[in-house]
Each structure stands twice: as C-alpha cells, then as structure tokens.
C-alpha cells in the first residue's frame, strides 16, 4: 500500500469527522424534537408518514447530491419494529449502493465527453489527488465517513477505476449502514426518556 503513514492519517482524520458528523446529526435531531417539532408538526408529519416520499428523497440524495446524512433517514425509521427497522436499514443501504453504482457507471460512460468534463472538473480537481495518493481506499473510506459517496463514485468512474475494485469496495456501504443503524437503534434514540441523557452527552 503506497504511502501507508499518509493513509493512516487520512483514515483517522476521516473517522474523526465521521464521529463529529454523527454527533451533529443527533444534536440537530434533538433540537428539532425539543424545540421545533410541535410548531411544524401539521406540515411535517404528513410528509414523514409518506414512506414513498421519504425513499424518493433518499434516492435522490444518494444518487445525485449526497448532501443529506443517511443517519437522518435511519432515525426516521425508528418508529418501526426491530425487524422492520432492520429491513429499512438494508433497503437504505441497497439504494445507496445502487445510487453509487449508477454514478460510477455514469462516470465511466461520460468521462471522455467534453461537456461532462466541464461539469465535473471541480469534483475531479478536488478528489483526484486523493486517488493518486490512496487509490481505491478513498472509496472504502468515503463509504463510512462524511465524504460525499455519490460524488466519489462519480469521480471513480471518471478516473477510470476498475469495475471489480469499485463494486467490491462499495459493498462496505452495507457495513456502514448496519453499524450506524445498530448504534441508533440500541442507543435508545427513539425513546423520549433517553433524550436528556443524550443532551448531557452532547
């Protein structure tokens, strides 16, 4: 593995950002639950109860922009039973994997098109150095951390990364959703009696 010390630093820095990002998601959720939910429930609750809409938003986020942290959707699914929650977690992971695959294949197909290069030049300039230094580990690390997985997948195709390597590394997305889903479920985040403890921790 090339530049192993640099990769370790990149990995540790990314994990640290993942922890901070997860804490921010929980904090935003608690602030919403305590101070905002009652004021907007007449508008928000019908949207939250629309399962198809929630999955549509998630699919768009994971396939196009990737700016909505998946943890918000895992928290949304907490009202379900454990079996249903596990199914939703798997479904979210599967959609995320499909979205990443779509972006990767899109990058492969369009990487020689001049217009496409103009559209993605910023992303390429930003993430290309990571590929030059860390290779496919960028895909693996982005699947667990706040690095935009959809964008990384697109750039992976643009950079000519191998099909086998990408699809293999991208499978770690399932592991990420399983870990985060388990943490959210067993932390008791869905239980109002635990909110005070969360606020004290944060």
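The values are calculated or read from the model by the stated rules, or taken from the named source; none is laboratory data. What you see is a predicted model, and the numbers here were worked out from it, not measured in a lab. Cβ atoms come from the backbone with ideal geometry, glycine included; neighbour counts cover every protein chain shown.
Checked across the range 9-23, the condition of being at pLDDT below 85, farther than 30 Å from residue 135 by Cβ, surrounded by 13 or more Cβ atoms within 10 Å (Cβ to Cβ) and over 17 Å from the mean Cα position of the chain (by Cα) holds for no residue. Does residue 29 fit the bill of being surrounded by 12 or more Cβ atoms within 10 Å (Cβ to Cβ), under 21 Å from the mean Cα position of the chain (by Cα) and modelled with pLDDT of 90 or more? For residue 29, the condition - surrounded by 12 or more Cβ atoms within 10 Å (Cβ to Cβ), under 21 Å from the mean Cα position of the chain (by Cα) and modelled with pLDDT of 90 or more - is not met. For the range 134-189, the tally of residues that are outside any helix (DSSP H, G or I) and closer than 22 Å to residue 90 by Cα stands at 10. Per the conditions (1) in contact with a helix residue (DSSP H, G or I) (Cβ under 9 Å, 6 or more places away or on another chain); (2) modelled with pLDDT of 80 or more, the sole criterion not satisfied by residue 64 is (2).
Pairs linking a residue in the range 39-52 that is surrounded by 11 or more Cβ atoms within 10 Å (Cβ to Cβ) to a residue that is assigned to a helix (DSSP H, G or I) and modelled with pLDDT under 80, with Cβ atoms under 8 Å and 6 or more positions apart or on different chains, are 44/37.
Can we say residue 89 is surrounded by 14 or more Cβ atoms within 10 Å (Cβ to Cβ) and in contact (Cβ under 8 Å) with a residue 60 or more places away in the chain? For residue 89, the condition - surrounded by 14 or more Cβ atoms within 10 Å (Cβ to Cβ) and in contact (Cβ under 8 Å) with a residue 60 or more places away in the chain - is met. Counting residues in the range 69-89 that are at pLDDT 85 or above, in contact with a helix residue (DSSP H, G or I) (Cβ under 9 Å, 6 or more places away or on another chain), assigned to a loop (DSSP other than H, G, I, E, B) and under 30 Å from residue 133 (Cα atoms) gives one or more. Residue count for the range 95-106, restricted to those that are closer than 13 Å to residue 55 by Cβ and free of Cβ contacts under 8 Å to residues at least 60 places away in the same chain: 3.
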